[in-house]
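What follows is a single structure, written as structure tokens, with notes after it.
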Amino acid sequence: MGQTDTLLQERPSQSVVTTDNSAENLYDKCQSLARNLWWSWHPEVINLFRDLDPIRWRQLDHNPIALLKEFTPERLEMRSTEMVLFSRIHHSYRQLKEYVSNSAHTWGATHAGVLGAMPVAYFSAEFGIHESVPIYSGGLGVLSGDHIKGASGLGVPLVAIGLFYSQGYFKQHLDQDGYQGEEYLETKVDNLPMEPAISTDGLPATIQIETRTGPLHAKVWLMRVGRVNLYLLDCDVEGNLPEDRELTSRLYGGDERTRIRQELVLGVGGVKALQSLGISPGVHHLNEGHSAFAPLEVIRQAMQEDGLKFDEALREVARRTVFTTHTPVPAGHDRFDGTLVEEHLGPLADSLGISSEQLMGLGRVEPQNEKESFCMTVLGLKLSRQANAVSSLHGHVSRRMWSHLWPWRVEEEIPIGHITNGVHIPSWLAWQMKQLYDRNFEAGWMSRMGEPEVWQEIHRVDPGEIWETHSALKNLLIGFVRRRLSRQCRRRGEDDSRVEAARRVLDPNVLTIGFARRFATYKRAALILSDLDRLNELMNAPHRPVQLIVSGKAHPKDEPGKELIKQLANCRHDERLTNRIVFVEDYDINVGRHLVQGVDVWLNNPRRPLEASGTSGQKIVLNGGLNMSVLDGWWAEAFNGTNGFAIGKGTQHVDESVSDARDAKEVYQMLEEKIIPLYYDLDIDGLPRGWIKMMMNSISTLAWRFSAHRMVMDYTRTSYVPAAGGLSCDMNVV
Ligand SMILES: *Cc1c(COP(=O)(O)O)cnc(C)c1O
């Protein structure tokens, strides 16, 4: 394969028309690029923005709109001359235009034609698209972001609906004692790539929802994510009571009442918004229970338009509704008491012609059981005919958990399937690694990244080339961590020697383990600290040391989670571990990207089977890191003996403390006996051959399978197309 960018190869040679290099034209093109989040998964465009002003780019959280505000067209032109950016600006702009205007030759055009005029409406409470758009908290949001980016790339007709949180999720700072503090920052709307969505009457779209205690209003924003339009509802509008204007300001903040009101806006408001925009979805996809009120409003519209009775409309709507559940613990599902449900859904129930008892029954396993609260997952399951969990193991767990909804069926026949999560490769793949693939894979491989054949080529790549690329990325990660740690020390007001020491922390030649996730207790972040003497020996072994980089937030109300953060962060006060365990504050997509692109090993040790899928380990694969994980979530179906490391045997003891102790031992043993020896076993060229072989196995067997492309293709074939009333694609193909 040639060395040039495959995207460049596909383009016809530049037309002879002279290009307009005027300051205004360049400025407008950069603005257009900044206003479609398509740029966020195109390294050549990211590099273009960075080259405009590398320091401000970093300081502004990689936000191109904020960056461009600091430029006049004249200054942009000057900078373009200095950095020879003209052709790069024109080229990127042309690529974006072609991408957005042309979906005729995509996978979706062939396989999801039935959705053409009636797209999928994808509902989610959070979307993690880029660190500069803070409307996500963690895994669920990143998954939603990756889902819509995947749909965009495949050309699957889809619109997305979410909420606009003006303060997003919190910024995390740890104090001297390692205790988590939370800071909420108001996002500047005009620094975000959004604009008011315009309704069919030509005015900015707004919606109104009746409740027993008065109406709720929201406006609708449009955010462009490649070919996908993401509509975000925002309650900060005139007409709302002051407290309601703040209803959507924070993600997962507030009490039960805030929560049901947010979910009312997302579900019922979302459906109303689509109607006012003139969009009639062929399928509604509810990503997690938060949006499960949506089908009720769809039912109301169907009754009104087609004169159906409630039961008929419900059957009709459920056929076209897809529901994905993400939570394997009963306590993790949203539940509301009857009073809150009546206050918020009462008026809708009236127009559906059902009583409050019938309404409550829709959210209960046993409809008549007055002791049962209203569960959003139950509602989602009852209002959809296509339901799925997010990994094979999670499918089993979910069928068992909800078997009493279908008491006449045996467990295997409970109608909850599974589609395992995947990650959006262009968003998580390091640029250096992409270049390696570009050099060695077939041209145009990125348009086929959900296919296994593409990735087999990795076995033919020179091991030295892989190792060099990985080492370069690891160095970048360590540079990033050092900058962050010294900044953390400075903010806490620590003395200069501490700040200076942080600038030299970690060693690029040492086996580096990463652990970053939400600090929910079931993820057992402190498992590795359970035997400090053994850990000390292992981490400080003279010729084969180990270091660990940790990051993650705890929910503001999760005190046990905060306690775990403290334990890990305070390792820096233990002189045996001070240069071996570091805690990077404020885990977000940016921190995540650096970590997954640079570590050698990704540690994941949740209490089985509580990790529904997990996706961070999938990001590791793409960049050549190896997974070391409990056989839970996606890893239970991914591990094959030669593509990473398994902790335990895929079983759990009924007594949690026994499981914890057993798994902790396994973690140490796995490190001592397998991981450390393999990593430090170098050949005469200084290459760890066995390790590199495992990297190749991991990439070739896992990258395609756990990609968002494969995931969205699965949803399209098994859920969207059948729900839209089309034949499934497999039947279409002769
Ligand atoms: C990928 C990602 C997650 C989800 O990872 P898990 O494996 O589910 O913990 C959470 N937060 C961020 C910022 C991510 O990038």
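Listing for the model above:
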item	result
Pair list, Cβ < 6 Å and 6+ apart or interchain, from the range 422-436 residues that are in contact (Cβ under 8 Å) with a residue 40 or more places away in the chain and over 13 Å from H594 (Cβ atoms) to residues that are of a type in the set (D, E) and within 16 Å of the ligand (Cβ to nearest atom)	V423/D146; H424/D146
Residue satisfying all of: in the range 503-523; of a type in the set (G, A, S) and at pLDDT 95 or above; farthest from the ligand (Cβ to nearest atom) among these	G514
Candidates R487, R483, filtered to the one that is part of a helix (DSSP H, G or I), more than 16 Å from the ligand (Cβ to nearest atom), within 23 Å of G592 (Cβ to Cβ) and within 26 Å of the chain's Cα centre (by Cα)	R483
Residue match in the range 188-201 (condition: at pLDDT 95 or above, of a type outside the set (S, T, N, Q) and within 16 Å of the ligand (Cβ to nearest atom))	no
Condition check for R257: surrounded by fewer than 21 Cβ atoms within 10 Å (Cβ to Cβ), in the same structural domain as G353 (by TED's automatic domain parsing), part of a helix (DSSP H, G or I) and over 26 Å from the mean Cα position of the chain (by Cα)	yes
Within the range 380-442, helices (runs of 4 or more DSSP H) holding 3 or more residues that are under 20 Å from the mean Cα position of the chain (by Cα) and within 30 Å of D311 (Cβ to Cβ)	none
Failed criterion for A349 (all others in (1) surrounded by fewer than 16 Cβ atoms within 10 Å (Cβ to Cβ); (2) small (G, A, S); (3) under 24 Å from T258 (Cβ atoms) hold)	(1)
Tally, over the range 302-334, of residues that are within 24 Å of the chain's Cα centre (by Cα) and modelled with pLDDT of 95 or more	6
Residue check, K97 within 33 Å of the chain's Cα centre (by Cα), surrounded by fewer than 15 Cβ atoms within 10 Å (Cβ to Cβ) and part of a helix (DSSP H, G or I)	yes
Positions within the range 499-528 being buried (at least 16 other Cβ atoms within 10 Å of the Cβ), touching a Lys or Arg at 6+ places or on another chain (Cβ under 9 Å) and free of Cβ contacts under 8 Å to residues at least 24 places away in the same chain, in sequence order	V499, A502
Given (1) more than 30 Å from S659 (Cβ to Cβ); (2) of a type in the set (D, E); (3) loosely packed, with under 15 Cβ neighbours inside 10 Å, number of the condition D533 does not satisfy	(1)
Count - residues of the range 141-182 that are within 15 Å of the ligand (Cβ to nearest atom), farther than 15 Å from E288 by Cβ and part of a helix (DSSP H, G or I)	2
Subset tally (residues that are out of contact with any Leu (no Cβ under 9 Å at 6 or more places or on another chain), part of a loop (DSSP other than H, G, I, E, B) and at pLDDT 95 or above) for the range 119-140	1
Selected residue [polar (S, T, N, Q), farther than 30 Å from R460 by Cβ and at pLDDT below 95] from S32, S22	S22
Flag for L393 being buried (at least 21 other Cβ atoms within 10 Å of the Cβ) and not assigned by TED's automatic domain parsing to the domain that holds I299	no
Every residue from the range 567-580 that is more than 16 Å from the ligand (Cβ to nearest atom) and under 26 Å from the mean Cα position of the chain (by Cα)	A569
Failed item in (1) closer than 30 Å to G108 by Cα; (2) touching a Pro at 6+ places or on another chain (Cβ under 8 Å), with E451 passing the rest	(2)
E70 vs. criteria modelled with pLDDT of 95 or more, surrounded by fewer than 17 Cβ atoms within 10 Å (Cβ to Cβ) and touching an Asp or Glu at 6+ places or on another chain (Cβ under 8 Å)	yes
Selection status of L473, touching a His at 6+ places or on another chain (Cβ under 6 Å) and either in the same structural domain as D438 (by TED's automatic domain parsing) or of a type in the set (D, E, K, R) (or both)	no
Spans of strands (runs of 3 or more DSSP E) in the range 581-680 with at least 2 residues within 11 Å of the ligand (Cβ to nearest atom)	601-604, 626-630
Unique residue being within 30 Å of S101 (Cβ to Cβ) and touching a residue at least 60 places away in the same chain (Cβ under 8 Å) when the list is S199, S249	S199
Only one of V298, V271 that is within 30 Å of W107 (Cα to Cα) and in contact with a strand residue (DSSP E or B) (Cβ under 7 Å, 6 or more places away or on another chain)	V298
Residue in the range 134-149 that is acidic (D, E), in contact with a Ser or Thr (Cβ under 7 Å, 6 or more places away or on another chain) and within 30 Å of L247 (Cβ to Cβ) present	yes
The range 191-223, residues that are under 30 Å from D350 (Cα atoms) and of a type in the set (D, E)	D201, E210
Condition check for V265: touching a strand residue (DSSP E or B) at 6+ places or on another chain (Cβ under 6 Å) and crowded, with 21+ Cβ neighbours inside 10 Å	yes
Residues satisfying the stated conditions in the range 525-534, i.e. under 19 Å from P606 (Cα atoms) and among the hydrophobic types (A, V, I, L, M, F, W, C)	A525, A526, L527, I528, L529
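Yes/no per residue for (1) in contact with a Pro (Cβ under 9 Å, 6 or more places away or on another chain); (2) β-branched (V, I, T); (3) surrounded by fewer than 19 Cβ atoms within 10 Å (Cβ to Cβ); (4) outside the structural domain of G395 (by TED's automatic domain parsing):
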site: C571; (1), (2), (3), (4): no, no, no, yes
site: F583; (1), (2), (3), (4): no, no, no, yes
site: D588; (1), (2), (3), (4): yes, no, no, yes
site: G641; (1), (2), (3), (4): no, no, yes, yes
site: V654; (1), (2), (3), (4): no, yes, yes, yes
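The values are calculated or read from the model by the stated rules, or taken from the named source; none is laboratory data. Owing to the predicted nature of the structure, the values given are computational and were not obtained by experimental measurement. Don't worry about glycine lacking a Cβ; one is built from the backbone with ideal geometry, like all the others, and counts go over all protein chains shown.
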